[in-house]
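A quick write-up on the structure given underneath.
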Amino acid sequence: MKLFKARSARTLNQYLHRTGSILQKSYYDHALRRDEDLRTLARYIVANPLRAGLVSNVGEYSLWDTAWLEEG
């Protein structure tokens, strides 16, 4: 993951003709464990734009996916 993030940052900086950090300072990655509920974690991620105040409901965000919000 470290290598992926480093390469991504380097590529984006080259494309944007800039230098410096790309990811937020408080950013961290999290590997899923077997006992974690994928649907619960996916719903948490889908709701990020709502928590950030970018939209007033999840359906307004263009990149959301209803598959993670459906009951099942």
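The values are calculated or read from the model by the stated rules, or taken from the named source; none is laboratory data. Predicted model only: the values in this text are computed from it and were never measured. Glycine also receives a Cβ, built like all others from the backbone with ideal geometry; neighbour counts cover every protein chain displayed. Surface areas here come from the heavy atoms of the whole protein model, side chains and all, with no ligands, DNA or RNA. Shrake-Rupley method; radii C 1.70, N 1.55, O 1.52, S 1.80 Å.
Tabulated data
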item	result
Members of the range 15-28 found to be open to solvent by less than 80 Å² (accessible area, probe 1.4 Å), more than 26 Å from E60 (Cα to Cα) and not hydroxyl-bearing (S, T, Y), listed by number	G20
The range 40-61: number of residues that are of a type outside the set (F, W, Y) and in a helix (DSSP H, G or I)	13
Residue check for L12: surrounded by 10 or more Cβ atoms within 10 Å (Cβ to Cβ) and either of a type in the set (S, T, N, Q) or on the phi < 0 side of the Ramachandran plot (or both)	yes
Unique residue being within 23 Å of K2 (Cβ to Cβ) and free of Cβ contacts under 8 Å to residues at least 60 places away in the same chain when the list is A31, A42	A31
Count - residues of the range 3-28 that are among the charged types (D, E, K, R), modelled with pLDDT under 85 and assigned to a helix (DSSP H, G or I)	1
Single unsatisfied condition, L54 versus (1) closer than 24 Å to M1 by Cα; (2) open to solvent by 100 Å² or more (accessible area, probe 1.4 Å); (3) not charged (D, E, K, R)	(1)
Residue match in the range 41-48 (condition: aliphatic (A, V, I, L, M) and exposed (fewer than 10 other Cβ atoms within 10 Å of the Cβ))	no
